[in-house]
Every structure is written in C-alpha cells, then in structure tokens.
C-alpha cells in the first residue's frame, strides 16, 4: 500500500481560521477602551486623508489656472491626484489596521458590517467618526488656504458637465465595488493561509485599488467611493451643486459595497452553499 499524500495546492480546514461572525449588536463594546481607541484612530486617519488629498486637488488647480497664466502641463496632474488618494490610503490603512481595522470609509465599514465582520454599534460609530474626521480635515485645508479653497471648488465631489446622474451613480457603484472587493480579498484569512510563503501587505492592494479607481472616475464625478470624503468637502464648501449631487456619493458607494460583500462572501467563499449544507445537515435525523 502507498501512503496517501495530499495533492499539492490543497488545504485542510486547519490551514486557516475564519473568525466567528461579529454579534449584530454588542453593547459590551461600549465599555472597552479599545473601542474608543479605534474610533479615535478612524477620526484622525480620515482627517489626515482629507487634509492631504483635498490640498493636493486645490494645489493642482491653482498651478494650472489659465487666468494666472499658469503652465497647463504643470502641477501633479490627474495621475498625481490619484496617487495622493491611493498613497494616503496605503499609509493610513497600514498605520491603523491593527487598531481599528483601517476602514477610513463608511462604505468599507458598511460592507464589512453586511459580512458580519463588525457589529452594528461599531459600524455606526465608525461612520460618525469618519464623517467628523473628514469635516475637520477639509476645515483645516480651508483655514490654511481660504482664498484658494473658495476659488478652486473646495475639493468637493460634483457630477461633471456632460454626464447624467445614471452615469455618475454607475461610476460610483463600480468604483466602490472594486475597492471593497479588494478589501475583502486582501484581508481574507484563507488567502493569508494559501499565500503564507509570500508575505502580502494588505494595505498595498487596497491603496492601488483606490489609485486605479481615481484614474478612471475623476473625469466623471471627481471620484467619491467614500461618503465621508464627499460629505466633508460638501459641508465646508457648502455650495448648491455639491449638495445637489451628494446623494450620488452615498447611494453609489453603499450599493457598490453591498454587492462586493455579497459577491465575496456568498459567491467566492461559497457562503450560500455552506449555509445550505448546514441547514440540510441539521434537518437530517
């Protein structure tokens, strides 16, 4: 007889461990310092994210303003703006992943909540902290560069001329799907086990996803894919156009995040099949 050898590339259940689903509501979190530390981390990270990125957008517009006889080929360009957003997400997710999970985006939090990775209380409080951080971050930009801020649109997300709301909404849905899908894939414990021989830095693909989405959708919506980013800029800029289009930057990202959560959990990870199998097992006598 020959000894059975597991086929290369196959893994047993011991190769990785799926954490148990987070409770839907967990009041005990409110008594833990780690919870409030995570809220602070989300607030500060979103503040820094908006400060650097909105300042980059305004700086680019000021250096290419034809009214100032500026060089139209000067500044960082759309490529540089995309790098600012993607690079900051890479840096901030790396810094906060071990404290709060490094969400820095209500859409990401919403997707993880739907997948039972965080409780309802944590999800809601994260979103509040992210939105407040975004408002404060853009507020700092205006405080330091008030004249340029008002002149160049305050970094607010608006639907570009020539595009209808359906196109803008679709761009936000697809863009957020790419981001949240990447978050799920990069943090999947099964992937960590399979690729354990190749160190994978999760913030890197997440940052690249943000970078790539910005390249594609800046000409359409300025790229939201983050309701806190869009809200923070709209609150401080406070112009009609920014508020009229605001719903696109909430509905689109939340729909995209929900689709990504369903796709990863129930299609790629076969959550629906597992649930059906568990149900069938429990009904057999």
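Only one residue in 232, 168, 252 is under 24 Å from residue 55 (Cβ atoms) and crowded, with 22+ Cβ neighbours inside 10 Å, so which one is that? The unique qualifying residue is 232. For the residues 99, 89, 78, the requirement of being surrounded by fewer than 17 Cβ atoms within 10 Å (Cβ to Cβ) and either free of Cβ contacts under 8 Å to residues at least 40 places away in the same chain or assigned to a helix (DSSP H, G or I) (or both) singles out 78. Report yes if some residue within the range 133-147 is out of contact with any helix residue (DSSP H, G or I) (no Cβ under 9 Å at 6 or more places or on another chain), surrounded by 14 or more Cβ atoms within 10 Å (Cβ to Cβ), at pLDDT below 95 and assigned to a helix (DSSP H, G or I); otherwise report no. Taking every residue of the range 133-147 in turn, none turns out to be out of contact with any helix residue (DSSP H, G or I) (no Cβ under 9 Å at 6 or more places or on another chain), surrounded by 14 or more Cβ atoms within 10 Å (Cβ to Cβ), at pLDDT below 95 and assigned to a helix (DSSP H, G or I). Among the residues of the range 201-247, the ones that are assigned to a helix (DSSP H, G or I) and either in contact with a strand residue (DSSP E or B) (Cβ under 6 Å, 6 or more places away or on another chain) or over 18 Å from residue 109 (Cα atoms) (or both) come to 23 in all.
Residue 130 falls short on exactly one of the conditions (1) farther than 22 Å from residue 224 by Cα; (2) not in a loop (DSSP other than H, G, I, E, B), and that condition is (1).
The values are calculated or read from the model by the stated rules, or taken from the named source; none is laboratory data. This is a predicted model, so every value here is computed, not measured. Reconstructed Cβ throughout: ideal geometry from the backbone, glycine too, with neighbour counts over all protein chains shown.
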